[in-house]
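Step one of this worksheet: look at the structure below.
Since every read-out is calculated from the coordinates, none of them should be taken as a lab result. Since the model is a prediction, treat every value here as computed from it, not as a measurement. Reconstructed Cβ throughout: ideal geometry from the backbone, glycine too, with neighbour counts over all protein chains shown.
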Amino acid sequence: MTIGRILTKRAALSLITLWLLSAMVFAGGQLLPGDVARAILGPLADAHAVANLDRQLGLDRPLLIQYWDWISHFAMGNMGQSYSYRAPVAPFVLAALGYSVKLGTLAFVLVVPLSIAGGVWSALHAGRLIDRIIGIIGLSATILPEFVTGIVLIMIFGIWLKILPISANWPPGAALPTQIYYLLLPSLPLVLVLFGYLARMARAGTLEALAADYTRTAVLKGLKPRAVLWRHVLRNALLPTITVTATQMGYLMGGLVVVETLFRYPGIGGLIYAAARDKDFPMLEGGVLTVGVIYTLAGLIADVSHALLNPRIRFGAAE
Amino acid sequence: MKVRWRVLTRSGTFMTGVLIVAFWAGCAVCGRLIVPFDPFADDILNTLGAPSGVHWFGTDQLGRDVFSRVIVGARDILLVAPLATALGIALGVLIGLVTGYFRGIIDDLIGRVIDALLALPLVIIALLALTAIGTSAATVVVVIGIIFAPLVARTVRAAVLSERDLDYVAAAKLRNEHTVYILFAEILPNVIPPIVVEAGVRLGYAIFTVATLSFIGFGIQPPSPDWGLAVSESYGLINGGIWWPVLFNALAIASLVIGVNLAADGIQAAVDA
């Protein structure tokens with residue numbers, strides 16, 4: 001297959017995924033809750049008022065029309081009216097997204113070099129003590145819930161050592177370095193969750209490349225170990241790691257719900273949590289579908305970058 | 001099978017994990033009988049007491065003994081998470097057997113649904129579904145079970161695909177066996193190992209998810225001494241130096257999660273061996 005066809009096929013699959021996802025979110029937000037107007041007005045409101053509000057919200061129309069109305073507006077950037085704020089949802093989601101992007105970017109900037117270094121270091125010392133230590137740290141960091149690692153980190157760095165602020169909310173008007181300083185502690189649980197998986201990928205990739213024929217050839221033809229490592233081993237070893245990094249965006253988003261709640265940070269995770277707590281369904285649907293769209297796009301970008309970085313796919317030699 | 005069992009019992013990873021899980025399972029079953037204090041009894045005159053000889057882990061904001069609550073707190077999560085896993089495995093095995101055996105359009109459809117499900121973190125889908133149908137221990141079991149089903153189905157389907165064209169299946173077909181018999185009596189026994197591995201991994205995720213949901217208030221509800229709930233009720237206090245209710249509950253969650261994952265890793269290694 002040529003690269004153009006791969007990308008077209010991949011993009012078409014992403015569209016189907018997004019469509020199913022939107023149907024699931026619609027079902028969760030508009031079908032399962034039952035009588036939305038009743039939920040807003042409370043059990044004591046009279047039937048007439050409930051029917052009125054149903055009509056006002058458009059809930060008395062056929063489901064397919066409701067779905068089409070919702071999804072076509074969503075695609076145009078109109079995510080509906082929040083029940084709690086009685087204002088359009090989209091600006092809230094956009095603002096929250098901005099905050100989350102800051103936190104998520106910091107976590108990525110920290111975790112990618114750390115885990116690649118850890119994984120490669122592990123592979124170069126495979127079977128020795130340092131390899132086992134990195135493996136155990138990585139595994140436990142990945143499997144522990146973010147709120148557990150988050151709280152332990154707050155206790156150590158915020159309360160005991162008092163070197164990092166325990167709230168993510170920087171003073172108004174703070175410059176970027178101050179913002180990063182405030183985001184350091186919230187980003188650490190995310191870094192820990194991602195570290196184990198990414199380091200394991202980097203380790204496996206490096207081990208595979210170290211055992212490959214081209215590495216043996218490079219060593220035998222007398223290249224310096226450093227040149228073998230940089231030019232032959234790492235270029236091949238890190239390709240899968242780069243792909244996996246993008247797919248980890250989804251796990252990052254799941255972690256954001258917990259971390260942003262724990263640190264009272266106004267990002268998209270915090271928004272989804274607050275909307276769920278207040279049963280603000282339009283806000284909840286907007287937040288959840290936005291996360292799904294971002295994740296699907298990240299997967300698409302991962303596949304494209306994988307294809308572009310790998311000459312075997314780029315020149316159509318392999319599937 | 002016997003060889004696998006021997007590999008399993010001699011694996012340090014597996015046995016460590018099983019011991020940790022067995023300890024908490026014991027606490028879940030008979031914790032109420034052995035704890036020094038009633039985990040639900042308030043003591044207004046003795047709130048937020050630091051750990052001491054009487055209250056080993058201190059007391060919480062209502063004066064309840066933290067040690068007793070941590071021991072009994074294993075109960076709900078060790079009920080909800082395994083039930084959710086069992087539901088997910090049961091549904092997933094059924095879907096996986098059928099889609100792997102018949103393939104066709106349902107097979108493609110399930111593949112797409114799995115992609116869509118994987119496009120959202122577990123906690124976020126669970127949050128959406130629980131907000132829609134209401135939070136209780138039963139709905140948490142149902143929601144996590146249903147989310148797990150397609151993920152389990154994918155594993156089972158892959159295993160079934162490599163079995164369906166083997167001779168023993170063809171022989172059963174020639175004997176004119178009923179399809180249900182072929183699926184459950186011929187193919188199922190041969191795909192048990194990957195299902196057991198999947199169950200271990202899923203249980204780890206289920207505990208992770210239930211603890212997280214309880215922490216954000218969408219899982220196990222008060223007045224349960226559940227660990228995630230206890231952490232969420234008292235983490236506001238750590239700023240004032242009250243660290244004990246939070247720390248001991250967090251450590252309890254950590255040990256259970258690590259125990260389950262060690263056991264699951266051991267099973268994986270034994271099946272691969």
(Q) To make sure I understand the rule: partners must be lysines, Cα under 16 Å from the Cα of A:K224, and not fewer than 8 residues away in the same chain. Which ones qualify? (A) none
Q. What ranking do A:M76, A:M24, A:M155 get, fewest neighbouring Cβ atoms within 10 angstrom at the top?
A. A:M76, A:M155, A:M24
Q) Within a Cβ distance under 11 Å of A:N52, other residues only, what is the Lys/Arg minus Asp/Glu net charge? A) -2
Q: Within the stretch A:244-266, find all residues whose amide N lies under 14 Å from a label point positioned 7 Å from the Cα of A:W170 along Cα-to-beta-carbon.
A: A:266
Q: Return the calculated 222 nm mean residue ellipticity for chain B, to the nearest 500 deg cm²/dmol, obtained by summing -39500 (n - 2.57) across DSSP H runs with n ≥ 4 and dividing by the residue count.
A: -23000 deg cm²/dmol
Q | Between the stretch A:100-114 and the stretch B:10-39, the Cα center-to-center distance that results, in Å | A | 38
Q) If you take the square roots of the eigenvalues of the alpha-carbon gyration tensor of chain A and sort them as a ≥ b ≥ c, do you get rounded (a/c under 1.5), prolate (a/b over b/c) or oblate? A) oblate
Q) What is the order of B:W24, B:W56, B:W227, A:W160, fewest Cβ neighbours within 10 Å to most? A) A:W160, B:W56, B:W24, B:W227
Q) In µm²/s, what is D for the stretch A:1-132 at 10 °C and 1.306 mPa s, where D = kT/(6 pi eta Rh) by Stokes-Einstein and Rh is the Kirkwood radius from Cα pairs? A) 81
Q: Sort A:R200, B:R4 so that the residue with the fewest other Cβ atoms within 10 Å of its own Cβ comes first and the one with the most comes last.
A: B:R4, A:R200
Q. With labels modelled as points extended 7 Å from the Cα through the Cβ direction, what inter-label distance (nm, one decimal) is found for A:I156 paired with A:K221?
A. 4.5
Q) Net charge near B:V35, counting Lys/Arg +1 and Asp/Glu -1 over other residues with Cβ under 13 Å of its Cβ? A) +2
Q: Rounded to the nearest Å, what's the spacing between the alpha carbon centres of the stretch B:227-273 and the stretch A:194-225? Just the number, please.
A: 35
Q. What whole number of Å gives the distance from the Cα centroid of the stretch B:165-216 to the Cα centroid of the stretch A:231-273?
A. 31
